[in-house]
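Everything below concerns the one structure shown next.
The values are calculated or read from the model by the stated rules, or taken from the named source; none is laboratory data. For clarity, every value in this text was computed on a predicted model and none was experimentally measured. Cβ sites come from the backbone with ideal geometry, for glycine too, and all protein chains shown count toward neighbours. Side chains are part of the model used for accessible areas, which takes the heavy atoms of the whole protein and leaves out ligands, DNA and RNA. Shrake-Rupley method; radii C 1.70, N 1.55, O 1.52, S 1.80 Å.
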Amino acid sequence: MDGPDAPAGRRETMTAPEDIPGPLTRAAQAYRMRWKRRRLLFRAWRKRGELACVTPLRPVSKAAVLCLATVRNEAARLPFWLAHHRRIGVDRFLVVDNASDDGTRDLLAAQPDVALWETRASYRAARFGVDWLGWLARRHAAGHWVLTLDADELFVYPHWEERPITALAAELDRRRQPALGALMVELYPEGRLSGTPYRPGDDPVQALPWFDAGPYRARRQRPARNLWVQGGPRERVFFGDDPRRAPTLNKLPLVRWRGTHAYLNSCHALLPPRLNLAWEGPGDPRLSGALLHTKFLNTIVQRSADPDHRAEHFGDPARFGAYHDALAADPVLWHDRATRYEGWRQLERLGLMSSGGWT
Amino acid sequence: MSVGFVMLVHTALDRAAQVARHLAASGCPVVIHADRKVPRSAFEPFAQGLAGVRGIAFASRRHRCEWGMWGIVGATLDACGDLLTAHPGLRHVYLCSGSCLPLRPLPELQAYLAARPETDFIESVTIDDVVWTKGGFDRDRFALRFPVPFRRHRRLFDAVTGAQKRLGLTRPLPEGIAPHLGSQWWCLSRPTLEAILHDPRRRELDRFFRSVWIPDESYFQTLVRLHARRVESRSLTLSKFDHFGRPHSFYDDHLQLLRRSDCFFARKIWPWADLLYASFLSNDPKVTRNAEPNPGKIDRLFSRATDRRVQGRPGLIMQSRFPARRLDAARTAAPYSVFAGFAETFPGFEAWLGKTTGLRVHGHLFAPGRVAFAGGAQVHNGCLSDSAALRDYNPEAFLANLVWATRGERQCFMFGPADAQEVMRFVAGDPNAQVSIVAGAWALTLFAREQAGELTGSALRKEAARLQKVELAYLALMRSGWVKARVRAWGLAEFLEAPMENLAPILDEIAPRAPRRPTEAPVLASLDGFGAFLQRLRNDGMNLHLPGDFPVGHAPTPPGDARPRPYLVR
């Protein structure tokens, strides 16, 4: 599902020294962020009543990695999504089903490792599901490494084929890195979006083998000190005239969760702000992963025409009408500079993710 | 029976038990020391599981092992004493941890050590000459006292050591001691180890080392120099450290690499690396070549990884790498060239430069309407779009991305005061940039536009004033003290005095082995009436100084002959 539109904040670029605030401003910002985090935690607590438990969470060991997601009508994607993340070693899935009517709920309720909650409340009003997941994470996942995903995202990281996610978590612990950043790599088919059929259970990367190897622009934002990466095919095709509204492509999907943490803006930014500092020093590239974004399966065309879907996404849905219209018109995202996805080593070579010295 | 093992364990007890059984079954006695912090609920099943296994014993006394404190050395000393007493036939003692794994059949290790009966394999580096440590103290490890555990009480540790340094509280070394450091994992011969254990000064030395920081990396390493007959200063255990000094883990996918290293042991092994444990816990002699340990390939792989982690890839900005402004020297991935005013002076300069140098030459990349990529491409390498809005949204990233996506092919582009200017700050601070400026060349464009009747009167004057102002600003920028780019700047008149002589060093710099030497100069723009045009602007009240002085009336003499001149190679 889509996150809200671009986060607002002061920008920090590589050459503009005037954007670094003084110590007093920094202290004030830190204090503001503290209260903001408390508000978010309170909000998540208030929204807890909207969730009704379908399958409870069975007890897990302390070392288990949990996966959290909010889904709506994802019956096609979920079989492969579950299989992929089981393969990398996720122990339990904590899923909120938001008023699905395509059998998603039954599919999830039948899985032995899925704990399921359901709600019919507004996805938008719950900050795109972040409030619900925030409550579940606080209640059930504190102390664990938590992977927060959407159903159209497949998480990959350096050596994922050989090393389970618990090894990654142990490595992050060893480095005292509390969160792992990931770039959303948006995959698309060669022809029109509706042209490639997809059967549930298939690898969506086979249907959507192409991506843009660049350009990605990063800047850092105050006051939450989050990274803001934009670029990729959606910007190239839909937001060429107004880049500010182009989708945010950085996420922090894997976090050593504590009860006091809160996602600020979908999974793009976390509070407290220090978690957003995904680099530790001079030129030091940390470990990072990637999220293979399978949004552009053939279902997207129909979905973009659906007024309910439109109303539930983006901070200001009205401004994104043209984007949804363009998607509903079944465009071609492919072009002759597109790159065919080959695997994580390719992403590392292209500089889209980093093994950060983890060999 | 030539070698016995002392094994220190604190976690992953099942793996430690598996390795211990393998060692014992291969005829090597093992004494296991389990950290006193291991809870009873974990220790008892572990101990019962190994009880009665021939060749495995537990240390008589369990120490509490705190990282960086004496406990580890105390545990090692006691366990070594136990092992040597119980097995009088042992020639060598090998110290390993529960996460170590033998990479070669143990009979090979036994034969290797039997052939070197008096050699001690212990990394032992004097602190006088070299820096062995990765950050932190080296000499101070011996000069100060460290009563507080670093891991648990970090602040207190800093306060205590800081206070000692400020007060100048140092202590003398025991007599005859030359401090040495080295890896904690060693293999010592019986005579040396017994000499250390039964040293008449042992009480005094132990008392000293109790307050040395991380004594497990200095106790044996230092004392071995007093007693050993032959020290081989290397560890038989392969272990790799990152730049923080923490050990790397080995996983299943390192199997081939570890096999080819021919080292005897490796640490640390990820406890769930089933394939590694299944492959290496056998004494099948077919897996190795009986060679000398040769960790070169692993060393290279890990030092490459460390370099990548420490230095990153210059010019790459990504999810996990947002370069710090002052600390990253190069802002881009490769050298590139900026030509300001050349396309105006020489119509067709891009084509000429591309032909002469064989490089990728773009037009005005930062032109206000669209990005003028070479060949008029709409989407360039790295999926860069030619949309000016996208470019101006973050021009620094645009340029960094362009250079990153075209690594291996030098990029040249045109620039001028009519273009988006924001990027010049970034270019000025980039050592990869080569900037050549012909100041005032924009006047030639205005001249042509006036002659075509596009721009006249006050509009022309305003435009000229604007361009001159913008150009003055970037000239001033390029002359700042902090500029790292290679900058050359001329006034138009000055440049035209000897255009090819001015161009030659630029070309030599960007294409030293150009396939074709320039046999002909680029065609100069027509200067007929240009002097009069400049004078008209001045007469209208403009303070026009960047283009320089051109004779009114007719074209300037030396370069004004617009005939192409043969370029002479000096």
**Prompt:** Quick one: B:Pro285 ticks every box in (1) modelled with pLDDT of 75 or more; (2) open to solvent by 60 Å² or more (accessible area, probe 1.4 Å); (3) farther than 30 Å from B:Phe426 by Cα bar one, so which box is it?
**Reply:** (1)
**Prompt:** What number of residues within segment B:309-321 satisfy the criterion of being surrounded by 19 or more Cβ atoms within 10 Å (Cβ to Cβ), farther than 17 Å from B:Pro247 by Cα and facing another protein chain (nearest Cβ under 7 Å)?
**Reply:** 7
**Request:** Evaluate the following for B:Ala291: is it open to solvent by 10 Å² or more (accessible area, probe 1.4 Å), more than 14 Å from chain A (Cβ to nearest Cβ) and modelled with pLDDT under 85?
**Result:** yes
**Prompt:** Any residue at all in segment A:290-309 that is within 11 Å of another protein chain (Cβ to nearest Cβ) and touching a residue at least 24 places away in the same chain (Cβ under 8 Å)?
**Reply:** yes
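Residue by residue, here is whether (1) within 15 Å of the chain's Cα centre (by Cα); (2) aliphatic (A, V, I, L, M) holds:
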{"residue": "A:Arg46", "(1), (2)": "no, no"}
{"residue": "A:Leu51", "(1), (2)": "no, yes"}
{"residue": "A:Pro79", "(1), (2)": "no, no"}
{"residue": "A:Ala110", "(1), (2)": "no, yes"}
{"residue": "A:Val114", "(1), (2)": "no, yes"}
{"residue": "A:Thr119", "(1), (2)": "no, no"}
{"residue": "A:Asp152", "(1), (2)": "yes, no"}
**Message:** For segment A:35-58, give me each residue that is surrounded by 13 or more Cβ atoms within 10 Å (Cβ to Cβ) and assigned to a helix (DSSP H, G or I).
**Reply:** A:Lys36, A:Arg37, A:Arg38, A:Leu40, A:Leu41, A:Arg43, A:Ala44, A:Trp45, A:Lys47, A:Arg48, A:Glu50
**In segment B:374-392, the residues that are over 20 Å from A:Thr339 (Cα atoms) and not in a helix (DSSP H, G or I)** = B:Ser387
**Prompt:** What about B:Arg145, is it outside the structural domain of B:His227 (by TED's automatic domain parsing), farther than 26 Å from B:Arg267 by Cβ, touching a residue at least 60 places away in the same chain (Cβ under 8 Å) and not aromatic (Phe, Trp, Tyr)?
**Reply:** yes
**Condition met for A:Leu270 (open to solvent by less than 20 Å² (accessible area, probe 1.4 Å) and under 23 Å from A:Leu66 (Cα atoms))** = yes
**Item:** Residue check, B:Gly376 modelled with pLDDT under 90, over 15 Å from B:Arg410 (Cα atoms) and surrounded by fewer than 16 Cβ atoms within 10 Å (Cβ to Cβ)
**Value:** yes
**Complete:** Only unsatisfied item for A:Ser61, checking (1) open to solvent by 40 Å² or more (accessible area, probe 1.4 Å); (2) within 24 Å of the chain's Cα centre (by Cα); (3) within 14 Å of chain B (Cβ to nearest Cβ), is (2)
**Asked** Looking at A:Leu347, A:Leu297, A:Leu292, which is the one that is within 18 Å of A:Trp160 (Cα to Cα), touching a helix residue (DSSP H, G or I) at 6+ places or on another chain (Cβ under 7 Å) and at pLDDT 90 or above?
**Response** A:Leu292
**Item:** Failed criterion for B:Leu205 (all others in (1) over 21 Å from B:Pro117 (Cα atoms); (2) open to solvent by 20 Å² or more (accessible area, probe 1.4 Å); (3) among the hydrophobic types (A, V, I, L, M, F, W, C); (4) not in a loop (DSSP other than H, G, I, E, B) hold)
**Value:** (2)
**Request:** Identify all residues within segment A:312-359 that are in contact with a His (Cβ under 9 Å, 6 or more places away or on another chain) and open to solvent by 30 Å² or more (accessible area, probe 1.4 Å); write none if there are none.
**Result:** A:Pro317, A:Arg337
**Request:** Return only the number of the condition from (1) in a loop (DSSP other than H, G, I, E, B); (2) over 40 Å from the mean Cα position of the chain (by Cα); (3) polar (S, T, N, Q) that B:Thr85 does not satisfy.
**Result:** (1)
**Request:** Answer yes if at least one residue in segment A:164-175 is part of a strand (DSSP E or B), in contact (Cβ under 8 Å) with a residue 12 or more places away in the chain and either of a type in the set (Val, Ile, Thr) or buried (at least 18 other Cβ atoms within 10 Å of the Cβ) (or both), and no otherwise.
**Result:** no
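A quick yes/no check of all residues on (1) outside any loop (DSSP other than H, G, I, E, B); (2) in contact (Cβ under 8 Å) with a residue 12 or more places away in the chain:
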residue: B:Arg21; (1), (2): yes, yes
residue: B:Cys28; (1), (2): no, yes
residue: B:Lys37; (1), (2): no, yes
residue: B:Glu44; (1), (2): yes, no
residue: B:Arg54; (1), (2): no, yes
residue: B:Arg64; (1), (2): no, yes
residue: B:Trp67; (1), (2): no, yes
residue: B:Val73; (1), (2): yes, yes
**Complete:** Of (1) charged (D, E, K, R); (2) within 17 Å of the chain's Cα centre (by Cα); (3) away from chain B (no Cβ under 14 Å), A:Arg274 satisfies every one except (2)
**Prompt:** Just checking, how many residues over segment A:106-157 are surrounded by 18 or more Cβ atoms within 10 Å (Cβ to Cβ) and in a helix (DSSP H, G or I)?
**Reply:** 13
**Request:** Could you please let me know if B:Glu422 is within 27 Å of A:Leu352 (Cβ to Cβ), of a type outside the set (Val, Ile, Thr) and not in a helix (DSSP H, G or I)?
**Result:** yes
